[in-house]
Amino acid sequence: MIELLPLVKRTGPMSDQLRLRPGAPGLGMLPQGLQSHATTTGVCGFCSTGCGLTYHLRDDQAVGVTPNAQYPVNLGAACPKGWEALRVLESESRATMPLSRDSRGELQSVTWSRALDRFCTTFKSLMESSGPDSVAVLGTGQITCEELAFLGALTKFGFGWRHADGNTRQCMATAVSAYKRAFGFDAPPFCYDDLELSDCLVMIGANPCIGHPILWERYLLNRRHPALIVVDPRRTETAAAATVHLPIRPKSDLCLLYAWTNWLIGHRMVDRAFIDRHTCGFEELRRVVRNYPISRAVAETGLAADQIVAAAQRIAAAKAASFWWTMGVNQSYQGTATAQAIINLALITGNIGRPGTGANSITGQCNAMGSRLWSNTTSLLGQFPFDDAEARRKVAHVLQIPDDRIPQEAGWAYDEIMDGIRRGQVRGLWVVGTNPAHSWIEQGGAIDLLKRLDFLVVQDMYCDTETARIADLILPAAGWGEKEGTLINSERRYGVVRQVRRAPGQALSDFRIFQALAQRWGVGGLFSQWSSPASVFALLQRISRNTPHDITGIRDYQHISSCGGIQWPWTEEDAAGGQSPSSGRRLFTDGRFFTSDGRARLEAFAPQEMPEPTDGDFPFLLLTGRGTVAQWHTQTRTRCSPMLRRLYPPEPYVEMHPQDARRLKLTSGMWVTVRSRRGRVRVRLLVAASVCPGQLFMPMHYTETNQLTLSHFDPISRQPSYKDCAVAVER
Ligand SMILES: Nc1nc2c(c(=O)[nH]1)N[C@H]1C(S)=C(S)[C@@H](COP(=O)(O)OP(=O)(O)OC[C@H]3O[C@@H](n4cnc5c(=O)[nH]c(N)nc54)[C@H](O)[C@@H]3O)O[C@H]1N2
Ligand SMILES: Nc1nc2c(c(=O)[nH]1)N[C@H]1C(S)=C(S)[C@@H](COP(=O)(O)OP(=O)(O)OC[C@H]3O[C@@H](n4cnc5c(=O)[nH]c(N)nc54)[C@H](O)[C@@H]3O)O[C@H]1N2
Ligand code: SF4
Ligand SMILES: [Mo]
């Protein structure tokens, strides 16, 4: 595995492999003569970049996939996951029949009819005996908008469940909270063109070389010789390519951002006209950040004063500066404050609403954005607050359901649902398209909780995920490529996924499963309009009317495809006279935000102490995140491609700085024990200067990692803080 690792790193974005274009040798080669076959276009179902892929069809079934050269997102490039997207559908691990655990504890295949019956009778009896708080659902940002809406509407309006959340809590909740507070709506303002048009890009807690390789390619197309400032405790592939890498002490970002803000204000390098006209809260912000001189940032972040100042000067000097962040910020116990501090910087320097600018949170999963708008979990369908009576009436009217079917408040967040299980209050859980027994923070605790449930239903493409293995009922789901609908990428672009493969065995699309459950539960009548993904898309369009994400100007799926995807908003008025959406649109070009007075809010908070700092017993700080381009999350999908498997280490590993390794007399390739207060795991050691002394890094793709992490959350967004806990290493 150790031999493999450098190879994996080399398959970073600079290598030819990522630039593979149709006809190039290597991954995902098309069978001979395929070019002459019929094709159709859809978007990739892994990450939120949302690359356009061309499916090559034989008898209506895809036999190959290549990146689409016309699609504005990826311009003909795809990463190895995109090339291998069809391969991962073909696996022995696919769930092909419903499986139900019998009285001896064995999973047996059953008919759909029996599975639906068991689902409905068990959940209903739990609700009758223990009330509506005794059941909950966890969804995903990896199903289509139409399916997300269906799942949310079915559980809350149909079944009368109160508690629903999803894996986007682990991922995007912080960005949502920060955008709502600052802009009045969860509205990522940018388009990918901004990567090419920026003079200075500041990437904070983001490693797009690995996480969003084709976005990184877009940055590489920037011809303005931009400065790239990367703030990351690790020397990642992205950091290695930066103009300036600031190897910040983990979780001290807030202090750095406030020091920059203070320095920019103090040196009159802010855009006073923009601040006065378009923001409020500046005086308060100025007052708070006055407590953050450069010297304090030096002490807290471990960075040198001249590094910090030089970066601020670059930001100030740029005609168009842009700020990008992902999980290094969102997954933090002070994530919302940090994300808002980033937004503050963009606002006070007037870097918003113009080409090459923005406070830009990159989403993670292929439909993380769809989940924010349409999952009906944290907010009502269409991202209205649940307590807005007028919005409830509007949604009820479009859906033709009684108003009182719509709850007046949001239910529990993911961690509160897990706590509900701990208290014995939540007794039944339906898990759709996520794998909490691997991905939830402090996994040992999570598995223990999931096992306590009276009834655990898992709806997944594969029947052997860590969570499926402990389920009472498994519902076999069709995956990407086996169903149709829409996904929304990081730049607010709706893209279409196509059904180009038959699902294996009796697996059904999530959409079909929801339809069948609605019938069996006895609420089919409420969902009579929900006859196909296309008809649901039309409902969503009507709900979106006159909101910031209005998409009433979209005609149909074909319209989306023919435009190379369509960004929200695209209203009926925009589309009047047959107007086509231009490709790269950004928000706030007129300086008006979605708050009641049209002004963006500047806010600052006091930094908090890290809850589990290192000490004599646990001297290392553990960072976690994405390991390689070829691995996706809990690996249920990417492990199914022999090609992708060859691109990443099969065994779990931990990265350690050479200085620490020398001191502990450890060498690369050795098996070591990594221990936290919650668990101990055996992993291979990889000695690499990519981590700082005193820090370790473990990719999240191996089940070992979350056995160590500490359950703690951002108090506003309730997103888990996955990237900071204290551990020890032993031979
Ligand atoms: N290949 C691949 N691509 C993916 C995914 C995948 O599983 N595999 N998952 C997708 C999803 S859902 C997501 S959310 C994205 C995630 O994409 P990223 O957020 O880019 O990925 P991570 O590696 O989780 O975290 C980014 C960086 O945060 C740094 N970091 C940790 N702590 C701190 C800190 O305190 N401050 C700062 N400034 N940085 C810190 C880490 O060192 C890491 O390099 O990737 C998406 N793309
Ligand atoms: N330590 C640590 N832990 C982390 C993170 C970290 O950085 N560090 N990152 C967090 C983040 S950002 C994320 S997003 C989560 C991801 O965590 P998970 O959501 O648990 O990860 P996945 O492996 O993507 O799980 C998705 C599941 O859905 C199934 N699936 C795929 N497509 C479909 C479909 O169309 N229908 C159905 N029904 N099922 C489908 C897959 O087979 C898989 O089992 O992990 C989080 N956990
Ligand atoms: S960058 Fe993301 S969307 Fe593009 S091919 Fe790779 S996984 Fe798919
Ligand atoms: Mo994510």
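A few notes on this one:
- I447 meets all of the listed conditions (1) within 9 Å of ligand 2 (Cβ to nearest atom); (2) among the β-branched types (V, I, T); (3) open to solvent by 10 Å² or more (accessible area, probe 1.4 Å) but one, namely (1).
A quick yes/no check of all residues on (1) open to solvent by 10 Å² or more (accessible area, probe 1.4 Å); (2) in contact with a Cys (Cβ under 9 Å, 6 or more places away or on another chain):
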| site | (1), (2) |
| --- | --- |
| G495 | no, yes |
| Q499 | yes, no |
| G505 | yes, no |
| A516 | yes, no |
| G524 | yes, no |
| I551 | no, no |
| I566 | no, no |
| P569 | yes, no |
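Condition check ((1) touching a helix residue (DSSP H, G or I) at 6+ places or on another chain (Cβ under 8 Å); (2) open to solvent by less than 30 Å² (accessible area, probe 1.4 Å); (3) at pLDDT 95 or above) across all residues:
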{"position": "L20", "(1), (2), (3)": "yes, yes, no"}
{"position": "G23", "(1), (2), (3)": "no, no, no"}
{"position": "S36", "(1), (2), (3)": "no, no, no"}
{"position": "T39", "(1), (2), (3)": "no, no, no"}
{"position": "P67", "(1), (2), (3)": "yes, yes, yes"}
{"position": "Y71", "(1), (2), (3)": "no, yes, yes"}
{"position": "N74", "(1), (2), (3)": "yes, yes, yes"}
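- Qualifying residue in the range 710-721 (condition: open to solvent by less than 20 Å² (accessible area, probe 1.4 Å), assigned to a strand (DSSP E or B), in contact (Cβ under 8 Å) with a residue 40 or more places away in the chain and not hydroxyl-bearing (S, T, Y)): yes
- Cβ-Cβ under 9 Å pairs, at least 6 apart or on other chains, the range 213-240 side assigned by TED's automatic domain parsing to the domain that holds C79 and under 17 Å from M327 (Cβ atoms), far side of a type in the set (F, W, Y) and within 16 Å of ligand 3 (Cβ to nearest atom): none
- Leading residue by the ranking (nearest to S690 (Cα to Cα)) among those in the range 608-647 that are of a type in the set (S, T, N, Q) and part of a loop (DSSP other than H, G, I, E, B): T628
- Within the range 174-196, the residues that satisfy the criterion of being open to solvent by less than 10 Å² (accessible area, probe 1.4 Å) and of a type in the set (F, W, Y) are Y179, F183, F190, Y192.
- Flag if R637 is touching a residue at least 12 places away in the same chain (Cβ under 8 Å), within 16 Å of ligand 2 (Cβ to nearest atom), open to solvent by 40 Å² or more (accessible area, probe 1.4 Å) and not hydroxyl-bearing (S, T, Y): no
- G627 meets each of the listed conditions (1) of a type outside the set (D, E, K, R); (2) open to solvent by less than 30 Å² (accessible area, probe 1.4 Å); (3) within 15 Å of ligand 3 (Cβ to nearest atom); (4) more than 23 Å from the chain's Cα centre (by Cα) apart from (4).
- Test: P233 is closer than 20 Å to T628 by Cβ and crowded, with 21+ Cβ neighbours inside 10 Å: yes
- Count - residues of the range 576-593 that are open to solvent by less than 20 Å² (accessible area, probe 1.4 Å) and of a type in the set (G, A, S): 1
- Here A312, A305, A273, A316 are screened, and the one residue that is touching a Ser or Thr at 6+ places or on another chain (Cβ under 8 Å) and either outside the structural domain of N344 (by TED's automatic domain parsing) or within 30 Å of F594 (Cβ to Cβ) (or both) is A316.
- Restricted to the range 318-393, the set of helices (runs of 4 or more DSSP H) holding at least 3 residues that are hydrophobic (A, V, I, L, M, F, W, C) comprises 335-348, 368-374.
- Test: residue in the range 604-616 that is among the polar types (S, T, N, Q), at positive phi and either within 14 Å of ligand 1 (Cβ to nearest atom) or surrounded by fewer than 21 Cβ atoms within 10 Å (Cβ to Cβ) (or both): no
- The C-beta contact set for the range 49-65 (first residue in the same structural domain as P80 (by TED's automatic domain parsing), second residue assigned to a loop (DSSP other than H, G, I, E, B) and modelled with pLDDT under 95, distance under 6 angstrom, 6+ apart or interchain) comprises H56/H37; L57/H37; R58/H37; G64/L30.
- Annotation note: Cβ proximity below 7 Å between a residue of the range 447-473 that is farther than 23 Å from L89 by Cα and a residue that is of a type in the set (S, T, N, Q) and at pLDDT below 95 (sequence gap 6+ or interchain) occurs for no pair.
- Residue match in the range 97-112 (condition: open to solvent by 10 Å² or more (accessible area, probe 1.4 Å) and over 19 Å from C463 (Cβ atoms)): yes
- Looking only at the range 151-182, and only at residues there that are within 12 Å of ligand 2 (Cβ to nearest atom) and hydrophobic (A, V, I, L, M, F, W, C), the one that is nearest to N360 (Cα to Cα): A175
- Residue within the range 674-686 that is of a type in the set (S, T, Y), crowded, with 20+ Cβ neighbours inside 10 Å and within 23 Å of Q608 (Cα to Cα) present: yes
- Selection count where residues are surrounded by fewer than 19 Cβ atoms within 10 Å (Cβ to Cβ) and on the phi < 0 side of the Ramachandran plot, scope the range 416-431: 5
The values are calculated or read from the model by the stated rules, or taken from the named source; none is laboratory data. Note that the structure is a prediction, hence the values are computed from the model and not measured. Note that each Cβ is placed from the backbone with ideal geometry, even for glycine, and that neighbours are counted across all protein chains shown. Accessible surface is based on the protein model in full, side chains and every heavy atom, while ligands, DNA and RNA are left aside. Shrake-Rupley method; radii C 1.70, N 1.55, O 1.52, S 1.80 Å.
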